[in-house]
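Down below is the structure, laid out as structure tokens.
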Amino acid sequence: MSSIIQLLPDHVANQIAAGEVVQRPASVVKELLENAVDARATDIKLILKDAGKALVQVIDNGLGMSVTDARLCFERHATSKIRQAEDLFSLHTKGFRGEALASIAAIAHMEMKTKQDQEELGTHIVIEGSKFVSQDVAVLPKGTSFAVKNLFFNIPARRNFLKSDTVEYRHIIDEFQRVALAHPKIYFTFYHNGSEMFNLPPSTLRQRIVNIFSGKTNEKLVPVQEETEIVTIQGFVSKPEFAKKNRGEQFFFVNDRFIKSGYLHHAVMAAYDGILKDGAQPSYFLYLSVPPNTIDINIHPTKTEIKFDDEHALYAILRASIKHSLGQFNVAPVLDFDRDSNLDTPYHYKDLEGATPTIQVDGNFNPFSEEKPSKQFSSYRKPEPTANWESLYVGLKQDTDEIGHITFENEEVTSSLFNDEEVEHSVHKTYQIHKKYIVSSIKSGMVIVDQQRAHQRVLYEQFLVNMTVNQASSQQLLFPLNLFFSSSEMDLIAELQLSLMNTGFVFEENNTDHIVISGIPVNVTESEVSLVLEQLLSDLQDGIPESSFSQNDTIAKSMAKSLAVKTGTHLTEKEQENLVNGLFACKEPNISPFHKPTFITMRVEDLDKKFAI
Ligand code: ADP
Ligand code: MG
């Protein structure tokens, strides 16, 4: 029998490829805009007629093409962006498949003008349904212009499949916004049927968002910034009170490329857990930078999906950093705390080996003294830089750029959150009410902190850091403690021994029915030891969690619960201050480890309303 397999002619192959790459006018917009960005343009114009059905034109001032390249760019698999397969793992460009122009040219009338900076003359090419119609030399400005007319002219079925102009226009806006948001330093203009729709001069990221989504967006945004070994996160999320019913402005960019990710979206939603009304959707504009070799963007022809090497860590980091920003900004966007870098990466705790705690002997400790050692608020993480409330206010006056880890791009947001007057005249900075709440004045009104929950949060994070990142310090006991337990309890303790040592416990010897403890964590007093351990054993009745992360988490929670100051405890002014400062230096200050709110704020307007009755 004769052979029947034939290679498809190029124009047929191109039409088939076009089915994947070009679904609608918006796909053309995306490909042309991305090519202009890749050509390092600083000024890009998008011109449309009839929602792109009649014309999509993109004019850039980028590198342009040589005569040969101008011709070659319409060939399938013609790309200047990769040369070998390995290049796929270090991509810094949007394109790499060399398919877009060939595909578009197969199903539209296309005209291209291009000139390189150093050349006198440029090239003008007309191509229709993959056929070259003409090629001329022309006097042109530097850069490239692509005009795509009569999309799907030779595939009526696809043309008829297009939706109304309104719908197609909406899709184009989406693509345009994604590219414009990814590149705030590029000047974008956008015309539709002769009217200017967007004019976006080069700006900061924040300003770009505001220029696209209206001036009101500014007050809704909370900056997010996090730098770890595996990812750098920047961008903005919306304050919970501005959440919307529909999923509108939600953007992830990875290495300046817009991507969709249900998984990362989930991480964002998890950060808002408990602070959004049912079904409400926050806006977010999040920019992740990861080493190019840790992602695979090649899994989808239109390249909006992406695979990460370490999705789980990314999830955890994203969630934590957003929570942190939201918590911090809930009360006052400018708490000028000094962030403990140790808290940045409890994520690589798993690489750390259990360390034997070091011993610090408290030389002043007198076991015969009547006086009970007071709670060691001074052992909060970094109390010094924030020990003084004034410093919270003062710092921001001088330095609006860099507050902790957060870079503000817009002065409006950071200045004058606290009144000068208030700072100068405030004598009492905090008050304790009913031995339960601590009240303090902030510019927008006041903040009321639940002392017990706040202290739980502080201790919880402190223990977690000690267990995962730091080596905890211990206080050595003059007389070792003998504590007796049942044999099943002894088994549990044996299993937890390493984690407990990481919190600062030192075990002397293991017996069958009792343990001997010679050192205890610095923030635990001797009389509290048995209480702490009993509470822990009862919290672990249902078994010890398997992963060491959950194990640490459970221990930290349990110890925080046992050791936190209780409602009904009087706190000195210094203790109140330390507690409040300690709270706002936390990663997630707004909730206790048991997901209860740690503080509320009341705006002056809320108070005014109450008095207006
Ligand atoms: P890809 O972007 O995947 O490389 P395209 O089909 O989109 O494939 O483009 C093919 C090639 O044409 C690009 O690699 C680039 O060299 C060139 N090119 C396309 N658009 C432009 C432009 N606006 N300016 C300069 N060169 C361009
Ligand atoms: Mg391209």
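The values are calculated or read from the model by the stated rules, or taken from the named source; none is laboratory data. The shown structure was predicted, so the numbers you read here are calculated from the model rather than taken from an experiment. In this analysis, Cβ positions are derived from the backbone assuming ideal geometry, glycine residues included, and neighbour counts consider all displayed protein chains.
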> L46 is checked against (1) modelled with pLDDT of 95 or more; (2) aliphatic (A, V, I, L, M); (3) within 13 Å of ligand 2 (Cβ to nearest atom) and fails just one. What number does that condition carry?
Replying inline: (3)
> Got a number for residues in region 487-526 being more than 18 Å from T554 (Cα to Cα) and either free of Cβ contacts under 8 Å to residues at least 24 places away in the same chain or not assigned by TED's automatic domain parsing to the domain that holds V465 (or both)?
Replying inline: 5
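Quick check on R83: is it basic (K, R), over 21 Å from F258 (Cα atoms) and touching a helix residue (DSSP H, G or I) at 6+ places or on another chain (Cβ under 6 Å)?
no
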> Scanning region 82-98 for residues that are charged (D, E, K, R) and at pLDDT below 75, which turns out nearest to ligand 2 (Cβ to nearest atom)?
Replying inline: R97
> Name the pairs: first residue in region 181-208 and within 15 Å of A51 (Cβ to Cβ), second residue basic (K, R) and at pLDDT 95 or above, Cβ to Cβ under 8 Å, at least 6 apart or on different chains?
Replying inline: F190/K45; Y191/K45; H192/K49; N193/K49
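Regarding S145, is this residue surrounded by fewer than 16 Cβ atoms within 10 Å (Cβ to Cβ), of a type outside the set (K, R) and out of contact with any helix residue (DSSP H, G or I) (no Cβ under 8 Å at 6 or more places or on another chain)?
Numbers: surrounded by fewer than 16 Cβ atoms within 10 Å (Cβ to Cβ): no; of a type outside the set (K, R): yes; out of contact with any helix residue (DSSP H, G or I) (no Cβ under 8 Å at 6 or more places or on another chain): yes.
Spelling it out, it is not the case that S145 is surrounded by fewer than 16 Cβ atoms within 10 Å (Cβ to Cβ), of a type outside the set (K, R) and out of contact with any helix residue (DSSP H, G or I) (no Cβ under 8 Å at 6 or more places or on another chain).
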> So which of V524, V427, V449, V532 is modelled with pLDDT of 90 or more, within 39 Å of the chain's Cα centre (by Cα) and either within 24 Å of K574 (Cβ to Cβ) or not in a strand (DSSP E or B) (or both)?
Replying inline: V449
>> Looking at region 70-81 only, could you name the residues that are among the basic types (K, R) and either in contact with a strand residue (DSSP E or B) (Cβ under 7 Å, 6 or more places away or on another chain) or more than 13 Å from ligand 2 (Cβ to nearest atom) (or both)?
In response: R71
>> Yes or no: region 89-106 includes at least one residue that is of a type in the set (D, E) and either within 13 Å of ligand 1 (Cβ to nearest atom) or on the phi > 0 side of the Ramachandran plot (or both).
In response: yes
>> For the structure I just gave you, tell me whether K45 is under 28 Å from I297 (Cα atoms), within 8 Å of ligand 1 (Cβ to nearest atom) and not assigned by TED's automatic domain parsing to the domain that holds I297.
In response: no
> Pick from R40, R24: which is more than 14 Å from ligand 2 (Cβ to nearest atom) and either acidic (D, E) or under 33 Å from the mean Cα position of the chain (by Cα) (or both)?
Replying inline: R24
> Would a scan of region 109-118 turn up a residue that is surrounded by fewer than 16 Cβ atoms within 10 Å (Cβ to Cβ), of a type in the set (D, E), more than 12 Å from ligand 1 (Cβ to nearest atom) and within 18 Å of M65 (Cβ to Cβ)?
Replying inline: no
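For L63, are the conditions met, namely being of a type in the set (A, V, I, L, M, F, W, C), on the phi < 0 side of the Ramachandran plot and more than 40 Å from the chain's Cα centre (by Cα)?
No.
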> Filter region 85-102 for residues that are assigned to a loop (DSSP other than H, G, I, E, B) and among the charged types (D, E, K, R); which is nearest to the chain's Cα centre (by Cα)?
Replying inline: K94
> Going by the conditions given, is V126 touching a residue at least 12 places away in the same chain (Cβ under 8 Å), among the aliphatic types (A, V, I, L, M), within 20 Å of T79 (Cα to Cα) and away from ligand 2 (no atom under 16 Å from the Cβ)?
Replying inline: yes
>> If S518 satisfies all but one of (1) touching a Gly at 6+ places or on another chain (Cβ under 9 Å); (2) of a type in the set (S, T, Y); (3) in a strand (DSSP E or B), what's the number of the condition it fails?
In response: (1)
>> crowded, with 19+ Cβ neighbours inside 10 Å, among the hydroxyl-bearing types (S, T, Y) and within 22 Å of L33 (Cβ to Cβ): which single residue out of S238, S261 fits that description?
In response: S261
> What's the number of the condition H595 fails, among (1) touching a residue at least 12 places away in the same chain (Cβ under 8 Å); (2) exposed (fewer than 13 other Cβ atoms within 10 Å of the Cβ); (3) closer than 19 Å to I438 by Cβ?
Replying inline: (3)
> For region 40-52, does any single residue satisfy the condition of being at positive phi and in contact with a Pro (Cβ under 8 Å, 6 or more places away or on another chain)?
Replying inline: yes
> Which residues, counting only those in region 181-199, are closer than 15 Å to I47 by Cβ and crowded, with 16+ Cβ neighbours inside 10 Å?
Replying inline: Y187, F188, T189, F190, Y191, H192, F198
> Counting only residues that are in a strand (DSSP E or B) and not aromatic (F, W, Y), how many does region 104-151 have?
Replying inline: 27
>> Looking at E588, E577, E605 in this structure, which one is surrounded by fewer than 15 Cβ atoms within 10 Å (Cβ to Cβ) and either in contact with a Ser or Thr (Cβ under 9 Å, 6 or more places away or on another chain) or part of a loop (DSSP other than H, G, I, E, B) (or both)?
In response: E605
> Exactly one of (1) in contact with a Gly (Cβ under 7 Å, 6 or more places away or on another chain); (2) under 30 Å from I295 (Cβ atoms); (3) more than 9 Å from ligand 1 (Cβ to nearest atom); (4) small (G, A, S) is unmet by A138. Its number?
Replying inline: (2)
